[in-house]
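The values are calculated or read from the model by the stated rules, or taken from the named source; none is laboratory data. None of these values were measured; they are calculated from a predicted model. All Cβ positions, glycine included, derive from the backbone under ideal geometry; neighbour counts span all protein chains shown. All accessible areas refer to the heavy atoms of the entire protein, side chains included, with ligands and DNA or RNA removed. Shrake-Rupley method; radii C 1.70, N 1.55, O 1.52, S 1.80 Å.
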Amino acid sequence: MDLRAEGVSRRYFRQGKGRNFFFAVQETDLTLPAGNLIEITGRSGSGKSTLLNMLAGLLEPTTGRVLLDGTDLYALDDGKRSILRNRSIGVIPQGQTGLHSLTVLENVKLPSLMYDRQPCSDERAEALLERVGIAHLRDVYPNELSGGEMRRLAIARALVMDPGVLLADEPTGDLDDENTHAVLSLLRQCADGGKAVLLVTHEREAAQYAHAVYTMSGGILTAADQG
Amino acid sequence: MRFARLLSLKNMKRKPARTAALVLLAAFLSLSIFGGSLVITSLQNGLRSYEARLGADIVAVPYQARAKGTFESILLQGIPGMFYMDEQYYEKIKTIDGVERAAPQFYLASTSSGCCSVAVQIIGFDPEQDFTVQPWIRDSYADTLGDGDIVVGSDLTIPKNGTLTFYNTQCRIVAQLDKTGTGLDTAVYTNMNTIKQMMKNAESLGFSYFADVDPDHAVSSVMIKVADGYDVSEVTGDINVHVRHIEAEQTTSMISGIADGLSNVSRIVGGLTVMIWVLAIVILVIAFAMISHERAKEFAILRVMGASQRMVSRLLLTESALISLIGATLGVALAALILVPFSGAISTALDLPYLMPEVGAIVALAAGALALSVLAGSLTAAVSAYRISKKEAGLILREGA
Ligand SMILES: Nc1ncnc2c1ncn2[C@@H]1O[C@H](COP(=O)(O)OP(=O)(O)O)[C@@H](O)[C@H]1O
Ligand SMILES: [Mg+2]
């Protein structure tokens, strides 16, 4: 699947008096082609998460369109857009995102319970946990996980529906070097398997896994020189 | 919807303290409305049965300071008592214009000493004249009462041999009456011949009940039915003017005291219920608003996984509906557990006729209270659910937000 942003921007209003607004993301074009891992780096506060959330269908752009295989995400109503995200866009959000009332295994299976008559089997969910290296924690609740384990849970959960697009917001934030490489190569495998993958990261080593690298600065996205 | 049901149950289980607090609030809703309506219904029932059991337009009792009070104590509290007047007064009442029927009654309190099986109120009636007691007895016993037969109120325990002895007169229990919620539930009914026998025995046993009245010619009260076309209060006045030494009173005015009591209790119970409801609902609305604020991130994560805004709202509504259902069921059960076994104590405490409706009616009340409480409890989350559905997940997802 291809995900394409056409002239998307996002304006935020600052708390305070008057019409005090700014653009966290300036009008941006970006294409995530199937089979590619695209990396975006940039300082904290530069607008990376804002762009990623717009691509995920979670944040309405102020201008522009987001097209998934030609379908304008924001022309759909919330119900249809949500189904599309459930089926086709795996999102690994920034931060800790385990649901505390579900075990690790239940967390991973949850997306498959939302619309599908046939929920994902335990075997498949366990295989995903195996892939991210936390299979032994399947019956543990997220409050007992370390930051890195929680991040890997989010990765397994984003992959459970086998989406065509994978959007990862700093997925290696809490990981040690060894696990960072494991996760980055997993994302690369996903791209090689045909998914369109977006990786937002601070990691310098990430570039070696990416097909293309962009830099975000003050809401402006520019292509970085390769290698 | 599988997703909402599954997740709401897990959420409730993993947050037991939060769930328990909300369940408790919901329980107050159904407890108060079911309990309140059951008490009020029972009081209304009690009043109706009291009115029906009186069955007369006017009651005349001897004009003694205590006679009227004693009479009402017998009827309302079941405190055994007696008073007598010569039967000539009864004869005089019959001659008053507008009196269609007049039936004497005879009251005797049994004692707990050896001559009696149990200390209760005995009420005798003249089968020829009576029009207030026999219609009720007929509900439980088709024949006319023979000499030595008694019918007992619903609260008396019937001995194995089926007899009770009063002033050495052994009586056969032929039937037990339905509950009335009044003092009459502990009374014993018998015909005039039997009670006169008991009265004579009592006198010869040395009980000085009769002062200067001859027990052979003593009556206790007269039940009066007014002929059509006559004004009850005028007839009452006529009796009071023309027959000295007795006091006639309209039964409606006797009942009005109880009706006043009932409307006072209803107002208090109703006011309390409204207060509890307003309080519980306000707290529930605030609680759900706080909880959903606290859970904003959780809901955003669900949106990330592909839940629609509607699904997330529905999750919160399902949780509140489940909590309300559990709470309301507990509340109804608790109210039933308190009110049904202790109806006697409540009746005594309120000092008003108190008759619980039949099981079917109680179940209907409970079902109504349950439905109303679940509805109200579920709706308290609606505002929060609506607010959640309007939030953009992408805004909530920012770390620290
Ligand atoms: N809801 C919001 N309201 C106002 N400002 C926001 C909001 N979300 C993000 N911002 C601001 O927009 C800018 C970009 O934020 P973000 O996309 O989270 O950056 P990054 O992910 O690159 O660290 C930051 O300055 C941030 O403070
Ligand atoms: Mg960010």
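Each of the peptides B:176-182, B:11-17 was scored by the mean count of other Cβ atoms within 10 Å over its residues; in descending order, highest first, they stand as B:176-182, B:11-17.
Residue by residue along B:294-300, Cβ atoms of other protein chains within 10 Å of the local Cβ number 2 on average. Using the Kirkwood formula on the Cα atoms of chain A, what hydrodynamic radius do you get, in angstrom to one decimal? Kirkwood hydrodynamic radius for chain A: 17.9 Å.
Considering all C-alpha pairs of region B:53-250, those separated by over 23 Å amount to 41%. P(r) tail for region A:46-173: Cα pairs beyond 17 Å make up 58% of the total. Entry comment: accessible area of region B:53-250 is 44 Å² per residue, from protein heavy atoms only and a probe of 1.4 Å. Contact order, relative form, for chain B: 30 percent (alpha carbon pairs under 8 Å, 6 or more residues apart, mean separation divided by residue count).
When peptides B:314-325, A:37-48 are sorted by average Cβ neighbour count within 10 Å, with the highest value leading, the order is B:314-325, A:37-48. Counting only other chain Cβ atoms within 10 Å of each residue's Cβ, the peptide A:92-101 averages 6. Give the whole-number value, in cubic angstrom per residue, of the convex hull volume spanned by the C-alpha atoms of the protein assembly as shown. Value for the protein assembly as shown: 231 Å³ per residue. The accessible surface of region B:77-176, taken with every protein chain in place and a 1.4 Å probe, is 44 percent carbon and sulfur. Identify, among A:74, B:116, B:278, the residue whose Cα sits farthest towards the positive end of the charge dipole of the protein assembly as shown, taking +1 on the Cβ of Lys and Arg and -1 on the Cβ of Asp and Glu, with the dipole about the Cα centre. Looking along the dipole axis, the top candidate is A:74. The separation of region A:68-123 from region B:266-334, counted between C-alpha centres, amounts to 26 Å. For region A:163-212, the Cβ-based charge dipole about the Cα centre amounts to some 340 debye (Lys, Arg positive; Asp, Glu negative; other atoms uncharged).
Each label was represented as a point 7 Å from its Cα along the Cα-to-Cβ direction; for residue B:230 and residue B:117 these points are 4.0 nm apart. Based on Cα atoms of region A:1-111, Rg over Rh with Rh as the Kirkwood radius reads 1.00. Using only the alpha-carbon atoms, how far is helix A:104-114 inclined from the longest principal axis of chain A? Give it as 0 to 90 degrees, nearest 10. The helix A:104-114 is inclined about 60 degrees to chain A. Comparing Cα centroids, region B:227-265 and region B:184-212 end up 27 angstrom apart. Expressed in units of 2.2 N^0.38 Å, where N is the residue count, the Cα radius of gyration of region B:254-293 is 1.92.
Per residue of chain A, the DSSP helices (runs of n ≥ 4 H) give a summed -39500 (n - 2.57) that works out to -9500 deg cm²/dmol at 222 nm. Evaluated at q = 0.08, 0.14 Å⁻¹, a Debye calculation over the C-alpha positions of chain B (equal weights, vacuum) places log10 I(q)/I(0) at -0.59, -1.13. With the Cα gyration tensor of region B:205-270 giving a ≥ b ≥ c as the square roots of its eigenvalues, does the rule (a/c under 1.5 for rounded; else a/b larger than b/c for prolate; else oblate) give rounded, prolate or oblate? It is oblate, given that a/c is not under 1.5 and a/b is not larger than b/c.
Separation of region B:132-167 and region B:1-65, taken as the distance between their Cα centroids, equals 34 angstrom.
Excluding ligands, DNA and RNA and using a 1.4 Å probe, chains A and B jointly bury around 2600 Å² of accessible surface, summed across both partners. Relative to the dominant Cα principal axis of chain A, helix A:177-192 is inclined by about 80°.
Axis angle, to the nearest 10 degrees, between helix B:2-14 and the longest C-alpha principal axis of chain B: 80 degrees. Simple point charges give the picture: +1 on the Cβ of Lys and Arg, -1 on the Cβ of Asp and Glu, and for region B:60-218 a dipole about the Cα centre of about 420 debye. Applying 0.36 nm per residue to the separation of residue B:358 and residue B:207 and subtracting their alpha-carbon distance, the gain on full extension is 50.2 nm.
Dividing the helix sum by the residues of chain B, where each DSSP H run of 4 or more adds -39500 (n - 2.57), gives a mean residue ellipticity at 222 nm of -18500 deg cm²/dmol.
Computing Rg and the Kirkwood Rh from the Cα coordinates of region A:116-179 gives a ratio, Rg/Rh, of 0.97. Take each residue in B:305-316, count the other chain C-beta atoms within 10 Å of its C-beta, and the mean is 6. Within the listed set B:270, B:183, B:69, the Gaussian network model of chain B (springs between alpha-carbon atoms below 10 Å) gives the highest mean-square fluctuation for B:69.
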